[in-house]
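Attaching a single structure in structure tokens format; questions to follow.
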Amino acid sequence: MGSRDAIAIGDNRPSAFELDAEQNLILDQADRFARTELYGLSVRMDAEEWWPEDAFPKIGAQGLFGVTVPQEYGGAGLDLMAAGLVAQAFSRWNHAMALSCVAHDNLCLNNIYRNGNEAQRRKYLPDLCAGRTIGALGLTEPGAGSDALGSMRTTARREGDFYVLNGGKLYITNGPVADVLLVYAKTDRERGVHGVSAFIVEKRFPGFRVAQKLEKMGYRGSQTAELVFEDCRVPAENLVGVENRGVSVVMSGLDLERAMISPICLGIGERALELSLDYAKTRQQFGKPIGSFQMVQSMLADMYVQIETMRAFTYRTLAAAASLELGEGGRGDIHKLTAASVMYAADAVHSVLDKAVQIHGGSGYIWESEINRLYRSIKLLEIGAGTTEVRKMIIAGELLKDMRGHDRG
Ligand SMILES: Cc1cc2nc3c(=O)[nH]c(=O)nc-3n(C[C@H](O)[C@H](O)[C@H](O)COP(=O)(O)OP(=O)(O)OC[C@H]3O[C@@H](n4cnc5c(N)ncnc54)[C@H](O)[C@@H]3O)c2cc1C
């Protein structure tokens, strides 16, 4: 009996260890599109923090946004696994664009689908799925990073048919170009994390502005901003879910976001190995290709093992997260698994890129080289969507959750 049969016994779902034919097709199609349409944009994006305005409508026209959203709202009606494969393929060729796509597609679009009401879905999803509008998510603030909910200062005050938002958000991906933003604010400051609500804010709402576009060391071209809300009037109908219940929206969204960051790590790692193999075969020293030296071979073998481990963990986690019901997440096994998967993948891709640059020698140290651009991507993967330390806190917290009455640290 083949290993595939063994895995499939008693379970008709696709194996998390091997892609099925449809999943392979999605990965191949997204890879072909990214290589022909997105790869060529990456040099100028990196050099100038340039945003290619045509890219999102093209991605939308290919049906590569709204992968997880039913077709009646303009989506593809697939699942998180398929969305992860798109992110993996995009990350091989243009990881900055992949990051912007995940912020748009997962943090904003999929979040509105999962937590919004019917009117909100009908109003916002078709344009987001088509790439006609750009989405973002605003959680982090200047004083609220790892403690995003507890330290949140942005407030929303109900005034008749509106909520009035005041405060600021920092490091918001797509912020400078976003049309639709899912924004978290405190509707009841006394209730701490249980006084947070989620709102859909449009860039044209009075009182909203982009304070500054931020210049980054990596993912350049993916736009990042500081945002300001000054008596920003948001129609009450744009409250997402129930007032003061934003914590479940945040926590379930963060689980899905972490599941979607791992395929970015995987795609970057795959491309780094490909470039390193090419270089090892063509770069000659001591009259031989450097790939003939055992110490270089050792680095290539380590990179391969890390990438294959990343692949297995990433797919397993995506498959598990894909079956999360609407409104679920933020606790239990899936909370632990998504934190563990992204923590491992970020750590592994850091190690892979370290070796890749070493194999490239001086050429890898040059800013314009592709391997250098990939190298500059690794730190964010250990910071965004909860830092490595926060991921460890989540994992340990879940492992030790029945240890009552003691300080877990
Ligand atoms: C390029 C980029 C894009 C981003 N995009 C978005 C976005 O689209 N939307 C959004 O809302 N946010 C976004 N973020 C924000 C990101 O999620 C935060 O940067 C991240 O959560 C960490 O917060 P912080 O930067 O304030 O760090 P801090 O929370 O200040 O942490 C600083 C250091 O202290 C450590 N630390 C903090 N608390 C603890 C603790 N209890 N125990 C141990 N160590 C601790 C951290 O791990 C870290 O090492 C983005 C950030 C960047 C850089």
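From the set of residues in segment 354-402 that are without any contact (Cβ under 8 Å) to a residue 40 or more places away in the chain and acidic (Asp, Glu), which is nearest to ILE261 (Cα to Cα)?
Out of the qualifying residues, it is GLU382.
Given the conditions (1) assigned to a loop (DSSP other than H, G, I, E, B); (2) of a type in the set (Gly, Ala, Ser); (3) more than 22 Å from GLY167 (Cα to Cα), report the number of the one that ALA178 does not fulfil.
Among (1) assigned to a loop (DSSP other than H, G, I, E, B); (2) of a type in the set (Gly, Ala, Ser); (3) more than 22 Å from GLY167 (Cα to Cα), ALA178 violates only (3).
If you scan segment 241-290, which residues turn out to be under 30 Å from ASP188 (Cα atoms) and in contact with a strand residue (DSSP E or B) (Cβ under 9 Å, 6 or more places away or on another chain)?
Residues satisfying the conditions are GLY241, VAL242, GLU243, ASN244, ARG245, GLY246, VAL247, VAL249, VAL250, GLY253, GLU257.
Condition first: part of a loop (DSSP other than H, G, I, E, B), within 14 Å of the ligand (Cβ to nearest atom) and surrounded by 15 or more Cβ atoms within 10 Å (Cβ to Cβ). Now tell me which residues in segment 204-220 satisfy that.
Just the residues of segment 204-220 that are part of a loop (DSSP other than H, G, I, E, B), to begin with: 204-207, 214-220.
After this cut, where a residue has to be within 14 Å of the ligand (Cβ to nearest atom) as well, the list is 214-220.
Hits for segment 204-220 are LEU214, LYS216, GLY218, TYR219, ARG220.
Right, here's the next one. Considering only segment 282-298, how many residues are surrounded by fewer than 19 Cβ atoms within 10 Å (Cβ to Cβ) and among the aliphatic types (A, V, I, L, M)?
Looking only at that region, the number is 1.
Right, here's the next one. Output yes when any residue across segment 344-361 is of a type outside the set (Asp, Glu) and at pLDDT below 95, and no when none is.
No, every residue in segment 344-361 fails to be of a type outside the set (Asp, Glu) and at pLDDT below 95.
VAL201 versus (1) over 20 Å from ASP127 (Cβ atoms); (2) within 16 Å of the ligand (Cβ to nearest atom): which is the lone unmet condition?
(1)
Looking for something of a type outside the set (Asp, Glu) and touching a His at 6+ places or on another chain (Cβ under 8 Å) - is there at least one such residue anywhere in segment 248-263?
Scanning segment 248-263 turns up at least one residue that is of a type outside the set (Asp, Glu) and touching a His at 6+ places or on another chain (Cβ under 8 Å).
The values are calculated or read from the model by the stated rules, or taken from the named source; none is laboratory data. No experiment lies behind these values; they were computed from the predicted model shown. Note that each Cβ is placed from the backbone with ideal geometry, even for glycine, and that neighbours are counted across all protein chains shown.
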